[in-house]
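Report on one structure; see the data block that follows.
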Amino acid sequence: MQETSPKNICTGCSSTVHLRCGRHCDPARVKAQGRRSHVFTDQVDQLIRELYLNHRNAKTCPSIRLLARKVAMPHWVLKKRARELGLARTKEQPWSEPELAILARYAWMSDERIRLKLKAAGYARTVTAIHLKLKRMRYKHDGSFYSANSLAQALGIDSHAVTRWIKSGHLKAKLRGTARGE
């Protein structure tokens, strides 16, 4: 007796559909699903460029919605295309020199503690922004900064031994603050 696979024929597109997951098995159908539903022509791209380059706040002003109606596309699709074309503005404020100096000075601390140091100096940055900037500037990848666990792992010993060495004064260490792992 032959065992049949749990498949059925879709009435909408007459392709094979799995009964278990409901997905189409027709390769042409699967390929069509991967294509973009909104096609951008050179004229549409030029209209987006003109809008973003000639208007200061193109994302927030009603002109993006007017253009969306004109080209019969959702406004979010036009904004996404503007990001792809490199026209959209970033939300992140540029870092000033004093902020970068504070970041470099306290790079060994946790991101939350650095945020508090920046706040005390009169700057407002989120923990995520600080974490990303430290990562981009490769401060956390510096070989001079080790946690007790990473040092123990690098030496192939128990982390309690490293903690004992710190407490006895054989190793110099600084407390990183809150928001750390083990």
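Coordinate-derived values only; no laboratory data. If you're wondering where the values come from, they're calculated on a predicted model, not measured in any experiment. Every residue, glycine as well, gets a Cβ built from its backbone with ideal geometry; the counts of neighbours run over all protein chains shown.
Net charge dipole, the stretch 97-136: roughly 60 debye, given to the nearest 20, about the Cα centre with Cβ charges of +1 for Lys and Arg and -1 for Asp and Glu.
Subtracting the Cα-Cα distance of residue 166 and residue 105 from their residue separation scaled by 0.36 nm leaves 19.7 nm.
Each Lys and Arg adds +1 at its Cβ and each Asp and Glu adds -1 at its Cβ; summed about the Cα centre, the stretch 42-84 shows a dipole of about 240 debye. Subtracting the Cα-Cα distance of residue 43 and residue 121 from their residue separation scaled by 0.36 nm leaves 23.2 nm.
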